[in-house]
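Asker: Before I ask anything, here is the structure I am working with.
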Amino acid sequence: MSVMLTKFESKSNRVKGLAFHPTQPLLAAALHNGSVQLWNYRMGVLVDRFEEHEGPVRGVAIHPSRALLVTGGDDYKIKVWDIRPQNRRCLFTLHGHLDYVRTVQFHHEMPWIISSSDDQTIRIWNSTSRNCIAVLTGHSHYVMSAQFHPKEDLVVSASMDQTVRVWDISGLRKGSPNQGGPSNPGGSGPGTFETFDSFSTVKYVLEGHDRGVNYAMFHPTLPLIISAADDRVIKIWRMSETKAWEVDSCRGHFNNVSSALFHPKHELIVSCGEDKTVRVWDLAKRTAIQTFRREHDRFWILAAHPNLNLFAAGHDSGLIVFKLERERPAFAVHQDSLYYVRDKYVRSYDFNTGADIGLLSVRKFGSPYVPPRTLSFNPAERAVILTISSDNGLFELTNLPQQAQGEVKDSSVDGKKGNGQSSIFVARNRFAVLNKATQIIEVRDLSNAVVKTIKPPVQTNEIFYGGTASLILSSTSTVVLYDIQQQKTIAEINSPPVKYVIWSGDGALVALMSKHTITIANKTFSTHSLIHETIRIKSGAWDDAGVFIYSTLNHVKYCLSQGDHGVICTLDNPVYLTRVKGKTVHCLDRSARPRTITFDPTEYRFKLALLRNNYEEMLYIIRTSTLLGQSIIAYLQQKGFPEIALHFVEDTNTRFELAIECGNLDVAMETAKSIDRVECWERLAQQALKQGNHKIVEKAYQQTKNFDKLSFLYLATGSTDKLSKMQKIAEARGDPMSRFHNALYAGDVFGRISVMRDVGLYPLAYLTAKTNGLEEIAAEILEVAGLTEADIDDVPTFPSSDLKPPPVVTSTTNINWPSVSAGENFFDRVLADGNLEGGVEPAYVNGDAQAGASSALDAWAREEEVHDDIDPEEEGWELDAHGEEFQPEHGDDEPAAVEEELGAGATPGVSETELWVRNSPLAADHVAAGSFETATQLLNRQLGIVNFALLKPLFLSVYRSSHTYLSPVASLPPLHLHIRRNPTESSPSRVLPVAARSLQSVRVELAEGYRFVSGNKLTEAQGTFRSVLMALLLVVLSSDEEAKQWRETVTAAREYLLGVSIELERRRVAEAEPDNVRRNLELAAYFTQCELQAPHMQIALRSAIGVFAKANNQAHAARFAKRLLELKPDPKIVAQARQRIAAGDRNPRNAVEVSYDEFTPFEICAVTYTPIYKGSPSIHCPYTDASYLPQFKGSLDPLTQLTEIGAAASGLPAPW
Amino acid sequence: MDSSELYHVKQQFILGAFKTLVNLTLPDPNSSDYTPTLLYQARAHIALNDPQSALQLIPTGSENVAVKAVASLARYIAASETDQESSLEELRDLAVEIEGDDVEGDDRDRALVRVLAGTAFARAGEVEEALETLGVDTEDLEAVAIIVQIYLSINRPDLAKKQFERSKRWAEDDLLLQLIESTIGLVTGKDAYANTSSFYTEQLGNPSLTSPHVLTARGVTRILRNEISEAKSDLEESLEQQTADAETLAALVVAAGLGALKKVDTDELWARLATEHPTHPLVIDMASKAELFDECVGKFAVPPLAG
């Protein structure tokens, strides 16, 4: 044993008790200061603290299957705690011990707790009744520990009286432990010890220790006991059925031994003592293997994890959690085979077939307690090199046998060994060995002769295969790619110490893994990316598509070559990934057993496809999977692919954002219309302006009533007629400033003059008229102002103005500036073709690494181009002479439209009916919302309904009953009000329509149908049952209970409908074809096979009896009569039935042969009314499940006349 | 400040007691209450869908803008679809006219013109024009009531609430404000329609007026509260007082469909509504839904019947 790996340490008061949680990474520690701590040792956090004991707590245990903790302390109390975080509390306290409680333990299956105490007793408690059910007396000093046997009804205890005792408690199990002592009715309270003693007896008293014994436990599987005592000795005892004896002692501790445990998996003993050591012993040889010493702290307690290679030890100032050996199995993957080491055997595992065979024993290689560290496989020679860390590092080269032989070969036979810390194959007939101490790498041939010696350029801790004739050297801060032949460094990357190196299937990419980082590099190390993890990285493997899948302590994750990474799934326990194939991860677990994990690769495949511009695959994924949540949209946006995200985002706000981002004005326009908020229009205007699409700018300005900008836009585009219309609008708005602007822009002198006149600025008006040579108007103004020419003599005369707005050279009013075609992308094409549904599944390249990896390289090379392709900001400005021609726009933008927009107050919101449709997957709710189209689709999909015509009155009445009208204000059209199912629910995301038809009301209708049957009104009954079945389609269900009732009602209605239909057919036959007695009889018989209620069944049976008796089929008639009797009818009917049976007995014959075998179960085809015996093929109505002969598949079901027989249907959803 | 008679008239108008208003004897033509009362009476006629009576009531040749507006509204409602435009134009002109100074009528009349024009525009489906005319910043409660109802009809209860909140600041505890609040409650269903329900229940207890309309309104509220049998009794009581009221009848049909009545009786009631009030929105809506249904059904191919 060369390693003892500390996983976790805590500082605290003295730890006297420890217990592992069986499944979660939790450890309970009982402290000398009275506190009980619950640690998560994987995360290193204190999860909880239980502090109710007074004085030291010594005993602690966690229930093997429930979230319970038991503690025992120096306050004589035993407490049971609920450790679930949400209801953490002390459940109850067990009183009875009269001195310190030393240990406590739960029984593995009974609700028992065992405790040992300084009061010299061991007690067993029933945790259900919370009573003491047994007191084991016999020890004559403190009882230091008491443990149940892991399987049998035995207890082992250790005491200061220097003995270890084994107790038989089988009597306790046979008795009735809840009541204390049933065999002795006199005593059933705690304290009457005699009572309990009848249940348990001392089986063996093991004497041999010279001092008090501190601890004793059973071996988990063997009939062995281990004990630890103050005589510094650990003793091993063996038991048989009849006796127990001492086997051997382990000596070495030089102070009191506090505790000793059997290793749960290996033949080892772990002990600890007051000599401040933890020691590991070989159970078979009883020799010390390993000693772990602590400077100042005495050890008090040990605990072993029940399943894992994990131990905990408590000492004077805290606790440590440790494992005894590396768990990471040595393995290598070649093609479809995994070569790995388990229990010191080299094994091969076939990924395809799962065949797992042992090939080679390496038991004699290095220390027997240390597993090999690495394995390197040479397929050409079918040889392996193993390394082991014992004996300062050894390697061994051995050939594997071709086939698994009867006797597994041992490597010591022909293995070639040597010293070295790291050793790998570098070529078919060469391997390299690193000697860390001398810093020399030797290259050896297969006969183990050194052919070359290399001095590595850096301090090398480990070497890995680096591609043909190359090595990867791992040093403390860098990783070096080294060419063996030329003896020179090819490349060097900074990295924390690399511990594992994984090459992709085609050797193009390599993952360099250290404790918390992964570096993904290409094979020359010329490009690389780094991933950081906060949790320990354990292992990794390449997907054949060039995605690296890796595992950390608690996750399986993926990482793309450019560094994007994400979680695939969580892990309970670490695993070592060996191979990824499609949706399956192959791995080795902690005990080196091959396992597989299936996962969903959609997310990373999508990202990969995106990186590679593989639109077909993206389309396929979009179409077939549901991954496209916010995270993917955010990802696309962040990675600069807004135009792709745009194609599958439905939320209008997001669509708008994306459309603006990628400059897709059409979509932006469309979404802005539906959002209709000022900011949206403004942003749209901005973007459109950038792209030179002034039509959209105009629309946006109109929407926001941005008159100034609108006018300026018209000026810029030379749209004079619109400017004049703007003038009118300004006039209507009563905004003279705006009028003036528009007049100025339009070069409309008259307009300007009239504005100024209107606002009373006569001087300006006059001058304007004058300078523009409009003498007449000027005179008019003068006159209006009440002045004459003479009054304005002092006004200087200005020369006539010839300033004008620039003339329109190119009329851009009706044409947009030309812009570069946005370039139809793949999705546009697909969407235009309308075949988003039609994408072809790409041949995903698993198992064919070449194709995948070569495109992976391409993707890398292309990475930068991708960004160039889609710079949305620029494309609008790139004037391309060869681009589109100027296209005169035809759509006349009437300014009338502008005027309409001006008054715009509010756009309609989402109507309640729309909410209903959104909130419910039930057809009934869609009908109530008036969304008949979706309702019919739902019914078709859920229940296979095709003939909706019959449902029209039902649909209309449900719709009609879900809305009402009221006019609160005179003369306005009434408000359309919507009746909700639950009046107290008004949240838009939860409102649902009123349930117009309740299951109750339909069942009332069904009862009416029953009455028709009783009253022999079969035609009416048939109609009623049909109507019931229709109404059931639109019943709203709200619970599983209701759904069950619904199904029962459907079935009952179907059976009655079928029965009534059969009986009606029988009457028709009897009338129309009186000679067809056989058919008459058959139909009468089938009627009795329908599932009817007792009164109706009586009618059916009596009718059948009559018909059969008349036809002289006495035997059958008698059978029906017997069935009738079973229903316990009226005495009168009983008498008749008995007569019929008597007649049948007298004359047990049937005159007419009928096709009716009552002894074989059958269903009745609802078309032909003939039996379909069990085992014969039949198909069913997707709604009522009525049976039909297979030839009717695809026809309309005649019972309900609603469904297509045999159609696929998904059934009703359960939205509650 | 209104005289108590006028106040009462107004209250009756708000609560839909149109029948009572129609039968009211007008005050002395010289009293200041005359014109307002006349206007309410005319509007009550219009509300009862009897614009002819309203037109007869209105003195021809009056220059009062409000009177003119009522006449226009009456003509608009009386007109067949093709002739409505001219009445709308009249109202548009009036709405522009009241902006000027030289019109006959006080502020109240001007507000009423807007209310009436807004009503007509809303009826014509010109939502934006109606809102524009009424002015979303108006301080006339009647206008607010219409604005609120318009907002509600286009599923914008948020805007409706804003209007209400805004009005609360200056309208205090006016009856009409309470009605507005209750109307918003009808649509949003806040607190299980508690507000609406108690408003109408309170008004039913108002001793100074009886209006079957309030009964109907409470009946409708009760339907919304899923209190079907209570709703039925309200509606039936209301129907006794106003046998031919389409709204009550329509509501009763709905209550019946939700289990208040047997299917046969429901169908009979529905048939009655459909024949007597072919223009009621429920009837029209159902006709369109029937068409929609046929359209949807056509999308499924029905296979031949088995056998």
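The values are calculated or read from the model by the stated rules, or taken from the named source; none is laboratory data. These numbers come from a predicted model, not from an experiment. FYI the Cβ positions are ideal-geometry reconstructions off the backbone, even for glycines, and counts take in every protein chain you see. For accessibility, only protein heavy atoms count, side chains too; no ligands or nucleic acids. Shrake-Rupley method; radii C 1.70, N 1.55, O 1.52, S 1.80 Å.
Asker: In a strand (DSSP E or B), at pLDDT below 85 and β-branched (Val, Ile, Thr): which single residue out of A:568, A:502, A:518 fits that description?
Answerer: Result of the check over A:568, A:502, A:518: A:568.
Asker: Right, another one. Quick one: in the range B:204-232, which of the residues that are surrounded by fewer than 20 Cβ atoms within 10 Å (Cβ to Cβ) and assigned to a helix (DSSP H, G or I) is farthest from the chain's Cα centre (by Cα)?
Answerer: B:229
Asker: For the range A:1030-1037, does any single residue satisfy the condition of being open to solvent by 40 Å² or more (accessible area, probe 1.4 Å), assigned to a helix (DSSP H, G or I), within 14 Å of another protein chain (Cβ to nearest Cβ) and more than 20 Å from residue A:963 (Cα to Cα)?
Answerer: The answer is no, given that none of the residues of the range A:1030-1037 is open to solvent by 40 Å² or more (accessible area, probe 1.4 Å), assigned to a helix (DSSP H, G or I), within 14 Å of another protein chain (Cβ to nearest Cβ) and more than 20 Å from residue A:963 (Cα to Cα).
Asker: Follow-up. So, in the range B:117-152, of the ones that are of a type outside the set (D, E, K, R), without any contact (Cβ under 8 Å) to a residue 24 or more places away in the chain and facing chain A (nearest Cβ under 7 Å), which residue ends up nearest to residue A:912 (Cα to Cα)?
Answerer: B:151
Asker: A follow-up question, please. Consider residue B:75 carefully, then state whether it is modelled with pLDDT of 85 or more, open to solvent by 60 Å² or more (accessible area, probe 1.4 Å), within 15 Å of residue B:119 (Cα to Cα) and of a type in the set (Lys, Arg).
Answerer: yes
Asker: Sticking with this one: Restricting the range B:50-63 to residues that are of a type in the set (S, T, N, Q) and assigned to a helix (DSSP H, G or I), which is most open to solvent (accessible area, probe 1.4 Å)?
Answerer: The residue in question is B:56.
Residues are listed down the side, and each one gets a yes or a no for (1) within 30 Å of residue A:328 (Cβ to Cβ); (2) open to solvent by less than 50 Å² (accessible area, probe 1.4 Å); (3) modelled with pLDDT under 70; (4) under 22 Å from the mean Cα position of the chain (by Cα):
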{"site": "A:604", "(1), (2), (3), (4)": "yes, yes, no, yes"}
{"site": "A:622", "(1), (2), (3), (4)": "no, yes, yes, yes"}
{"site": "A:626", "(1), (2), (3), (4)": "no, no, yes, yes"}
{"site": "A:647", "(1), (2), (3), (4)": "no, yes, yes, no"}
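Asker: Now for a different question. Among the residues in the range A:739-747, are any open to solvent by 60 Å² or more (accessible area, probe 1.4 Å), of a type in the set (Phe, Trp, Tyr) and at pLDDT 80 or above?
Answerer: no
Asker: Here is a follow-up. Only one of these conditions is not met by residue B:4: (1) open to solvent by 60 Å² or more (accessible area, probe 1.4 Å); (2) at pLDDT 85 or above. Which number is it?
Answerer: (2)
So that you can scan it fast, the table gives a plain yes or no per residue for (1) basic (Lys, Arg); (2) under 24 Å from residue A:618 (Cα atoms); (3) surrounded by fewer than 19 Cβ atoms within 10 Å (Cβ to Cβ); (4) out of contact with any Asp or Glu (no Cβ under 7 Å at 6 or more places or on another chain):
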position: A:514; (1), (2), (3), (4): no, no, yes, yes
position: A:526; (1), (2), (3), (4): no, no, yes, yes
position: A:555; (1), (2), (3), (4): no, no, yes, yes
position: A:586; (1), (2), (3), (4): no, no, no, yes
position: A:595; (1), (2), (3), (4): yes, no, yes, no
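Asker: Here's something else I'd like to know. Just for the range A:1129-1141: of the residues that are without any contact (Cβ under 8 Å) to a residue 24 or more places away in the chain and open to solvent by less than 40 Å² (accessible area, probe 1.4 Å), which one is farthest from the chain's Cα centre (by Cα)?
Answerer: A:1141
Asker: Can you tell me which residue among B:301, B:256, B:250, B:246 is touching a strand residue (DSSP E or B) at 6+ places or on another chain (Cβ under 6 Å) and either crowded, with 16+ Cβ neighbours inside 10 Å or facing another protein chain (nearest Cβ under 10 Å) (or both)?
Answerer: Of B:301, B:256, B:250, B:246, the one residue that is touching a strand residue (DSSP E or B) at 6+ places or on another chain (Cβ under 6 Å) and either crowded, with 16+ Cβ neighbours inside 10 Å or facing another protein chain (nearest Cβ under 10 Å) (or both) is B:250.
Asker: Tally time: how many residues in the range B:162-184 are free of Cβ contacts under 8 Å to residues at least 60 places away in the same chain and within 12 Å of another protein chain (Cβ to nearest Cβ)?
Answerer: 8
Asker: Out of all the residues in the range A:986-996, which are more than 8 Å from chain B (Cβ to nearest Cβ) and over 15 Å from residue A:964 (Cβ atoms)?
Answerer: The answer is A:987, A:988, A:989, A:990, A:992, A:995.
Asker: Do any helices (runs of 4 or more DSSP H) entirely within the range B:1-49 hold 3 or more residues that are away from every other protein chain (no Cβ under 14 Å), in contact (Cβ under 8 Å) with a residue 12 or more places away in the chain and at positive phi, and if so, which?
Answerer: none
Asker: Report, by residue number, each residue of the range A:436-447 that is open to solvent by 30 Å² or more (accessible area, probe 1.4 Å) and assigned to a loop (DSSP other than H, G, I, E, B).
Answerer: A:436, A:437, A:438, A:446, A:447
Asker: Moving on to the next point. From the list A:1157, A:1185, exactly one residue is within 59 Å of the chain's Cα centre (by Cα) and either at pLDDT 85 or above or β-branched (Val, Ile, Thr) (or both). Which is it?
Answerer: Criteria check complete, one pass: A:1185.
Asker: Now a separate question. Filter the range A:82-128 down to residues that are surrounded by fewer than 22 Cβ atoms within 10 Å (Cβ to Cβ) and aromatic (Phe, Trp, Tyr) and give me whichever is farthest from the chain's Cα centre (by Cα).
Answerer: Within the range A:82-128, the match that is farthest from the chain's Cα centre (by Cα) is A:100.
Asker: Let me ask something additional. Which of the residues spanning the range A:947-958 are open to solvent by less than 10 Å² (accessible area, probe 1.4 Å) and facing another protein chain (nearest Cβ under 7 Å)?
Answerer: Matches in the range A:947-958: A:948, A:955.
Asker: Checking residue A:364 against (1) in contact (Cβ under 8 Å) with a residue 40 or more places away in the chain; (2) charged (D, E, K, R); (3) farther than 30 Å from residue A:586 by Cα, which single condition isn't satisfied?
Answerer: Condition not satisfied by residue A:364: (3).
Asker: Can you go through A:259, A:249 and tell me which one is among the hydroxyl-bearing types (Ser, Thr, Tyr) and buried (at least 19 other Cβ atoms within 10 Å of the Cβ)?
Answerer: So the residue among A:259, A:249 that is among the hydroxyl-bearing types (Ser, Thr, Tyr) and buried (at least 19 other Cβ atoms within 10 Å of the Cβ) is A:259.
Asker: From the list B:211, B:229, pick out the single residue that is closer than 25 Å to residue A:999 by Cα and more than 9 Å from chain A (Cβ to nearest Cβ).
Answerer: Matching residue, one of B:211, B:229: B:229.
Asker: So residue B:289 passes all but one of these: (1) open to solvent by 20 Å² or more (accessible area, probe 1.4 Å); (2) more than 7 Å from chain A (Cβ to nearest Cβ); (3) at pLDDT 90 or above. Which condition number does it fail?
Answerer: Result: residue B:289 passes all but (2).
Asker: Just one of (1) surrounded by fewer than 20 Cβ atoms within 10 Å (Cβ to Cβ); (2) assigned to a helix (DSSP H, G or I) trips up residue B:66, so point out which.
Answerer: The number of the failed condition is (1).
Asker: On to the next question. Could you look through the range A:1177-1210, keep only residues that are farther than 18 Å from residue B:300 by Cβ and facing chain B (nearest Cβ under 10 Å), and pick out the one that is surrounded by the fewest Cβ atoms within 10 Å (Cβ to Cβ)?
Answerer: A:1191
Asker: Then there is this: How many residues does the range A:1110-1128 contain that are free of Cβ contacts under 8 Å to residues at least 40 places away in the same chain and open to solvent by 20 Å² or more (accessible area, probe 1.4 Å)?
Answerer: Within the range A:1110-1128, residues that are free of Cβ contacts under 8 Å to residues at least 40 places away in the same chain and open to solvent by 20 Å² or more (accessible area, probe 1.4 Å) number 10.
Asker: Only residues that are more than 25 Å from residue A:315 (Cβ to Cβ) and open to solvent by 40 Å² or more (accessible area, probe 1.4 Å): list them for the range A:221-246, please.
Answerer: A:221, A:222, A:223, A:238, A:240, A:241, A:242, A:243, A:245, A:246, listed by residue number.
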